[in-house]
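Here's the structure we're looking at; comments come further down.
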Amino acid sequence: MTQMELVEAGWSDAQSDCRRVFEENSHPMWILEGPEVLDVNRAALRHYGYSRDEFLAMSIDDISAEKSAGTKRGQDRPSLGRHRRKDGSFIDVEITSFAVTFRGRAALLDSVLDVTYRKRTEAQARYLDLLLATVSDAVVASDDDFILTGWNAAAESTYGRRAEEVLGQPDVLMFRTDSEGVERTEASKRLSETGRFHGELTHRRADGKRIHIESRAAALFDSDGKRLGYVSVNRDITERRYAADTIRALLSDVLTAQEAERGRIARELHDDTAQTLTSLLVGLRVVEESKDLDQALGAASTLRGFVAAALLGVRRMARGLRPSVLDDLGLEEALERLALDVSRAHGFLVDVHSTGPRLPRLPEGLEIALYRMAQEALTNSTKHASPKAVSILVHRNLTEVRLVVEDDGRGFDDSEVLSESQLGLVGMRERAHLVGGSMTLESSPGHGTTICIRVPLASQKPVSS
């Protein structure tokens, strides 16, 4: 309706149907002449809380929360505004105006739609969209049949699939696991029965990589209690799981090493020192039972050899536990001694190169850490690489010290993690971090391995020579 012909006296008998539509319309409506209210329907009285006399005594500016409300109104197309009700509350409105003739004069018929809830819902939707776009966890929604209906940016990053690839697809195709769906079946069962699920699942990315997921899911219901679907927040905990597994593996490795070291020391004490001391006791008894000086001197000479052998054994064990040359002469000399020992024991060449100043000495803790990392690198090469030669480089300047250990052995795929041969590498990386440094690794099958450890000296306190 674009125009209504009304007589000067107001609503005539001919317009009785129009009057009935005006009065019984569920939307607030009024007729304006300029800013003045000429007539108002019952829906407006109920919605705004005024009586008819109060409404007719006001202008449109009295209920508008905006200045010059009348000048913003356009005909035949909705305009947005904000009104104040009698109780002081504000509502957002959409106003559609029509040009009419009322009581013989030009007027406007306003039809008002309360859009407060709609605007609030739109604002909440925008907030949720922003929240889902910025949250770091994958948020995934599905209907009651587990068909995917929602997939945020973090889900795209976590699973390597864009939203348009997965929406409308069954989640079982997107979250495929290595366990023939057993984990998913259990999760789906718990979610269906209780409406909630919290646990760890194993999924696969689009590139085939396994990832560990901590998932929190809940069912969504409408106002009648009908289940609409599910929403889950999935966090990639692969690195956390890897760290936990690494810690457990390292702890097991440390305990195994401790027991092996205790066994080695016990064997050396039994096979070397204890037997030497036993021979010493026997020799002392020979001296004690000697019948002349020459016999006693001969026995004493033998005892001297026993004592010397025992002393060498004790020194060897002490050097294995902590090389004295590291304390006495420093890192470079200790590494040269270590290289010589390894080369003699295993038959491959180990050479050490040192560049930069050697004085003042590095801090004791840093020298020990670098020595142990070089020792571990040589151990790994000996056990797993079968090299022909190993090179150790120590470079030092005013800002950092760098340790590089390179072998020409069989190498390995450095993208693999947590294999038995790599636990030592994990320990080396952790030891480097403990002294404020970092470790990088380069290796490939058939092309050897290079380990580089860098430690900044800015936070290190040098010790005197």
Check: How many of the residues in the stretch 110-123 are exposed (fewer than 11 other Cβ atoms within 10 Å of the Cβ) and either farther than 25 Å from T96 by Cβ or of a type outside the set (F, W, Y) (or both)?
Finding: 1
Notebook entry, point to check: Just to be sure, is A299 in a helix (DSSP H, G or I), at pLDDT below 75 and of a type in the set (A, V, I, L, M, F, W, C)?
Noted result: yes
Item checked: Criterion (within 20 Å of T302 (Cα to Cα), at pLDDT 70 or above, of a type in the set (G, A, S) and in the same structural domain as G313 (by TED's automatic domain parsing)) met by exactly one of S252, S290 -> S290
Note to self: Can you name every one of the strands (runs of 3 or more DSSP E) wholly within the stretch 1-104 that holds 1 or more residues which are farther than 23 Å from K119 by Cβ and modelled with pLDDT of 85 or more?
What the structure shows: 29-33, 36-40, 90-102
Check: Hey, does the stretch 376-391 have a residue that's among the hydroxyl-bearing types (S, T, Y), free of Cβ contacts under 8 Å to residues at least 40 places away in the same chain and not in a helix (DSSP H, G or I)?
Finding: yes
Notebook entry, point to check: Which of the residues spanning the stretch 203-242 are of a type in the set (F, W, Y) and either under 17 Å from the mean Cα position of the chain (by Cα) or surrounded by 15 or more Cβ atoms within 10 Å (Cβ to Cβ) (or both)?
Noted result: Y230, Y242
Next item on the list: Filter the stretch 91-119 down to residues that are more than 45 Å from the chain's Cα centre (by Cα) and polar (S, T, N, Q) and give me whichever is farthest from M29 (Cα to Cα).
Entry: T101
Margin query: All but one of (1) buried (at least 16 other Cβ atoms within 10 Å of the Cβ); (2) farther than 25 Å from K209 by Cα; (3) of a type in the set (D, E, K, R); (4) modelled with pLDDT under 90 hold for R429; state the number of the condition that does not hold.
Written below: (2)
Next item on the list: Filter the stretch 311-337 down to the residues that are modelled with pLDDT of 75 or more and among the small types (G, A, S), then identify the one that is nearest to P360 (Cα to Cα).
Entry: G330
Next item on the list: Could you please find all residues in the stretch 346-375 being in contact with a Lys or Arg (Cβ under 8 Å, 6 or more places away or on another chain), assigned to a helix (DSSP H, G or I) and in contact (Cβ under 8 Å) with a residue 60 or more places away in the chain?
Entry: A369, M373
Margin query: On the basis of being assigned to a helix (DSSP H, G or I) and not small (G, A, S), does L201 make the cut?
Written below: no
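The values are calculated or read from the model by the stated rules, or taken from the named source; none is laboratory data. If you're wondering where the values come from, they're calculated on a predicted model, not measured in any experiment. In this analysis, Cβ positions are derived from the backbone assuming ideal geometry, glycine residues included, and neighbour counts consider all displayed protein chains.
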